[in-house]
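Contents: one structure, followed by commentary.
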Amino acid sequence: MGAEKIYNGSLDLGGAVGDGEGNPESYRLSTLSVDLSLPLPAMTPRIIELCKDLFNEWSELDNSRFSVETVSGGITNLLLKVTVKEESGSCVSVTVRLYGPNTDYVINRDRELQAIKYLSAAGFGAKLLGVFKNGMVQSFIHARTLEPSDMRKPKLAAEIAKQLNKFHKVYIPGSKEPQLWNEILKFYEKASALQFDDTGKQSIYDTISFKEIHNEVLEIKELTSLLNSPVVFAHNDLLSGNIMLNEEEERLYVIDFEYGSYSYRGFDIGNHFNEYAGYDCDYSCYPSKEEQYHFFRHYLQPEKPDEVSQKDLEALYVESNTFMLASHLYWALWALIQARMSPIDFDYLAYFFLRYNEYKKQKEKYCSLARSFLSRSGLGCEPA
């Protein structure tokens with residue numbers, strides 16, 4: 001159950017924090033923070049200090065027993081692998097995840113920590129070991145991160161679908177109110193009121209019609225509301241970088257729940273399909289109807305995929321591809337906020353246009369499909 005735990009029983013988690021509800025997860029707290037802007041050699045002593053502060057078993061070890069290396073640096077976080085040679089001679093590895101600066105502006109960290117405890121207990125992600133001021137420490141998973149092209153391989157696509165089915169069944173305490181449109185409208189409010197110090201960025205930003213975007217958000221919100229998509233605890237960011245594969249064991253791991261919330265099934269699936277395009281937004285890689293049906297069969301009936309009805313396949317196809325449009329709006333608005341707030345060297349303004357332009361390119365096809373489906377099925381009326 002859960003991610004492979006590459007730490008041993010000697011790690012002292014005494015004084016750990018639990019959730020007070022009998023959940024098996026517990027973790028240590030530290031008030032320390034780590035400056036993400038430092039190069040790795042300058043950051044390493046602080047990482048070692050952090051590990052010693054969190055884990056009593058390591059507090060007296062010489063710094064030479066610690067090695068720190070970069071696992072990956074996405075456009076939100078920095079992941080580090082810390083390997084410790086203990087007094088016993090055994091080596092222990094953990095993952096230190098550093099939050100990108102200003103990410104709290106778009107991520108609810110309290111909600112993330114709440115979800116991690118229950119998702120980890122259900123077998124998802126890595127075990128949460130410690131939390132510090134601007135990050136967390138988790139067990140290390142021996143696996144490789146998927147590439148976007150991996151996700152369309154039939155065997156892996158089927159396994160991702162099965163894992164997502166299980167993920168959507170995990171119970172997370174708290175409000176079950178779907179958060180998608182609340183989040184999108186919050187992003188809209190923030191994104192539409194930005195000021196850039198860089199005059200070049202400001203002039204590009206000034207070309208954006210936020211009145212148009214607002215109308216698009218309301219139209220897709222109304223249309224998707226007619227599809228009766230089930231509300232589940234959704235990952236909301238199921239890109240290739242958040243899926244890991246241990247090829248020897250043929251075991252898949254879904255990780256990183258920063259954007260997780262109660263939301264719509266169709267959004268989680270449609271958003272995942274968008275991620276076939278990767279950061280380069282090569283939407284020629286968007287899955288075909290045949291590829292989507294393969295995914296749906298393994299999602300809807302993991303044990304008997306060949307028994308899924310044509311009617312259920314068609315309904316989920318319409319649902320997922322309508323919410324796919326919402327996914328473009330979500331990440332387009334997110335990118336504008338990041339363009340102003342994030343110090344990470346990534347062209348977020350260009351990313352906004354890639355996502356929003358793809359939304360406009362696909363909108364008519366999939367909105368027409370949804371309205372035709374609704375008309376035939378009698379599920380709702382065409383929005384005004």
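In contact (Cβ under 8 Å) with a residue 40 or more places away in the chain and open to solvent by 60 Å² or more (accessible area, probe 1.4 Å), is that true of ARG355? No: the conditions fail for ARG355. Name the residue that is farthest from ASN242 (Cα to Cα), counting only residues in the range 57-95 that are open to solvent by 70 Å² or more (accessible area, probe 1.4 Å) and touching a residue at least 40 places away in the same chain (Cβ under 8 Å). Ranking the candidates gives SER88 first. Looking only at residues in the range 189-227 that are in contact with a Gly (Cβ under 9 Å, 6 or more places away or on another chain) and not in a helix (DSSP H, G or I), the one that is nearest to TYR264 (Cα to Cα) is LEU227. Number of residues in the range 56-97 that are in contact with a Phe, Trp or Tyr (Cβ under 9 Å, 6 or more places away or on another chain) and either at pLDDT 90 or above or assigned to a strand (DSSP E or B) (or both): the value is 17. Residue count for the range 142-172, restricted to those that are assigned to a loop (DSSP other than H, G, I, E, B) and open to solvent by less than 10 Å² (accessible area, probe 1.4 Å): 2.
The residues in the range 96-114 that are touching a strand residue (DSSP E or B) at 6+ places or on another chain (Cβ under 7 Å), within 21 Å of GLU183 (Cβ to Cβ) and either open to solvent by 10 Å² or more (accessible area, probe 1.4 Å) or aliphatic (A, V, I, L, M) (or both) can be counted, and the count is 3. For the range 275-290, the candidate set comprises residues that are closer than 19 Å to ALA158 by Cβ and buried (at least 17 other Cβ atoms within 10 Å of the Cβ); within that set, the residue that is nearest to the chain's Cα centre (by Cα) is GLU275. Consider the range 339-351 and keep the residues that are assigned to a loop (DSSP other than H, G, I, E, B) and in contact (Cβ under 8 Å) with a residue 24 or more places away in the chain. The one that is least open to solvent (accessible area, probe 1.4 Å) is SER342.
One residue stands out among those in the range 305-338 that are aliphatic (A, V, I, L, M) and either open to solvent by 10 Å² or more (accessible area, probe 1.4 Å) or in contact with a Gly (Cβ under 8 Å, 6 or more places away or on another chain) (or both): the one that is farthest from HIS294 (Cα to Cα), which is ALA326.
Would you say GLN138 is buried (at least 16 other Cβ atoms within 10 Å of the Cβ), out of contact with any His (no Cβ under 7 Å at 6 or more places or on another chain), among the polar types (S, T, N, Q) and in a strand (DSSP E or B)? Yes, satisfied.
The values are calculated or read from the model by the stated rules, or taken from the named source; none is laboratory data. Since we're looking at a predicted model, the values are computed, not measured. Cβ sites come from the backbone with ideal geometry, for glycine too, and all protein chains shown count toward neighbours. For accessibility, only protein heavy atoms count, side chains too; no ligands or nucleic acids. Shrake-Rupley method; radii C 1.70, N 1.55, O 1.52, S 1.80 Å.
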